[in-house]
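To start, the structure under review is shown below, and the notes come after it.
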Amino acid sequence: MSGEAVVFWLFASLTVASAAVVVLSRTLIYSAFALLATFFGVAGLYVLLGADFLAATQLLIYVGGILVLLLFGVMLTHKIYDLDLRTETTQIASGLIVAGGLFVILAALALKTEWPGVARVPAPTTAGIGRLFLGDYLLPFEAASVLLLVALMGAAMIVRRRRDA
Amino acid sequence: MIGLQHYLVVAAALFALGVLGLLTRRNAVHVLMSIELILNSANVNLVAFSRYAAGNLGGQVFAVFVIVVAASEVAVALAIVLTLYRLRRTPNLDDADILKG
């Protein structure tokens, strides 16, 4: 096995195993910390795919932002002195059938299809992504900035305590 | 030799696990975590296609947009969950049934 294969299987198994812990763990705080491992595994896959900028973005935004936000959600929706942060499960059989069927279909599709192969030679991507943002993708880029502003203001408006209520 | 298919299968596994969590969990924060898994699997697919099939950086640009949408989604969704918790003292989605006729 080449070095690339070893590193790929390492990160792939880390990602999938910790994602399984996220979904199957009955304690919410364990799920949150397993999600950390999943994000790290995905960042490792990005590095293997030659996406250096995205790997750094993944660590900064997912681990530094979204995961911290989710931890706040865990802490604020449970009483801190309530050590039993367990969550309930419903419809486990039908959920397993749907998810298993989806995985089989998607994996069979990925393995059976003849994908066109125009491999990109791995090279630093930051400059190229920046040029695309300010060139071909300028309109979506600006729309995304408006979306972020609206989302932040909307989130602040929703959680605000009303004086009159 | 690691190819496109390997990454697609890993992404399919992530996606299926996310769907499983989405369907079987009752806690709203847990459901949000499952949605993050699904968005991550889409991102892995986009970056893998950008590396092996398209030969350009378009997939990575789209992955950045997915991350932006994920960030705003989790902010608004957590605001809704916290408001629900303040209103009903529970994070369970099944108890959010006050719109039921």
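The values are calculated or read from the model by the stated rules, or taken from the named source; none is laboratory data. Please read all numbers here as calculations on a predicted model, not as lab measurements. In this analysis, Cβ positions are derived from the backbone assuming ideal geometry, glycine residues included, and neighbour counts consider all displayed protein chains. Calculation scope for accessible area: heavy atoms of the full protein, side chains included, ligands and nucleic acids excluded. Shrake-Rupley method; radii C 1.70, N 1.55, O 1.52, S 1.80 Å.
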Of the candidates B:Arg51, B:Arg25, B:Arg88, which one comes out as most mobile in a Gaussian network treatment of chain B with C-alpha springs shorter than 10 Å? B:Arg88
Is there a quick way to get the dipole size of chain A? I mean about its Cα centre, with the Cβ of Lys and Arg at +1 and of Asp and Glu at -1; what is the value in debye to the nearest 20? 460 debye
With the crude spin-label approximation of a point 7 Å out along Cα→Cβ, what separation in nm comes out for A:Val121 versus A:Ser145? 3.4 nm
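By accessible area of protein heavy atoms, probe 1.4 Å, what ranking do B:His30, A:His78 get, highest first?
A:His78, B:His30
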Just the ratio, please: alpha-carbon radius of gyration of chain A over 2.2 N^0.38 Å, N its number of residues. 1.33
With θ taken as phi - 60° and the coefficients 6.51, -1.76 and 1.60, list the Karplus ³J(HN,Hα) couplings across the range B:40-46 in order, rounded to whole Hz; mark glycine and proline as x. 5, 5, 4, 5, 4, 4, 4
Comparing A:Phe53, A:Phe11, A:Phe141 in a Gaussian network model of chain A (Cα, 10 Å), the one with the largest mean-square fluctuation is A:Phe141
Counting only the heavy atoms of the protein chains, how much of A:Thr57 is accessible to a 1.4 Å probe, in Å² to the nearest 10? 20 Å²
Using a Förster radius of 30 Å, what is the FRET efficiency between A:Val63 and B:Asp97 based on their Cβ-Cβ separation? Nearest 0.05, please. 0.30
Give me the accessible area of A:Leu45, 1.4 Å probe, in Å² rounded to the nearest 10. 0 Å²
